[in-house]
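The structure appears right after this line, and notes come after that.
Just so you know, all these numbers are worked out from the coordinates, no wet-lab data involved. Small disclaimer: the values here were computed from a predicted structure and weren't measured. Neighbour counts run over all protein chains shown; Cβ positions are idealised from the backbone, glycine included.
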């Protein structure tokens, strides 16, 4: 659905954007949560994050991806998504594509689609605070290591707030909520879902509920992780993916 040239260009731009966030965060990787929280609220970090301006940096790539996904009529072909060597960035590109296609299918307007695409590209940006030894561990994570991994949605949300991505918080919701689950068993806040697309205004703004774009990105993130080969397992077949979802 999205050409190799657009995906390659997006991976490259996304990689450089993550590198810039990693540079301004490098001194705090592996630090305790309180130290990281303090750093993210510090004026010097916010000025550095604002200078990155990920919305402007990724604007052209988001528009190119939208141009191609908006002309795709169905979700057929998602099983053809391929994983390349730079898994982290290919994963983010694929999550953005799948999220955007789902949002398109349920009738979200183009301006909302652009924010969902951007959120998908940046959904794992908080992982710049996670040591590579934990991120790339081939075996099962310890409970302590998993707790470190679980900090990345909140860290990413804090980083995007520091970077001042406009007034529309759709991309923020994607980053913050892509690991929340319908039954409240997700993280970082244990929000619960509506389990349906249509909802009332009151339900849409309930702070205890997952935002619809958080639900969409959670599905896309899980789907894309399941169809990918990983160091500790091969990709699942589509029947197994459907069962797990």
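Quick notes on this one:
- For the stretch 175-231, diffusion coefficient by Stokes-Einstein and Kirkwood Rh (Cα), 37 °C, 0.692 mPa s, µm²/s: 279 µm²/s
- Separation in nanometres of the label points that stand 7 Å from Cα toward Cβ, at residue 238 and residue 206: 3.4 nm
- Treating r as the C-beta distance of residue 34 and residue 57 and R0 as 22 Å, the FRET efficiency rounds to 0.15.
- In percent, rounded to a whole number, the relative contact order of the chain is 20, using alpha-carbon pairs under 8 Å and six or more apart.
- Gained length - residue 22 relative to residue 229, 0.36 nm times residue gap less alpha-carbon distance: 72.0 nm
- The stretch 1-150: C-alpha gyration tensor shape, a/c 1.5 cut-off, then a/b vs b/c: prolate
- Candidates 216, 234, 52, ranked by Gaussian network fluctuation over the chain, Cα under 10 Å, top entry: 234
- Longest to shortest principal axis, alpha-carbon extents of the stretch 120-173, angstrom: 40, 17, 15
- With the highest mean first, a sort of the peptides 98-108, 185-195, 6-16 on other beta-carbon atoms found within 10 angstrom per residue produces 98-108, 6-16, 185-195.
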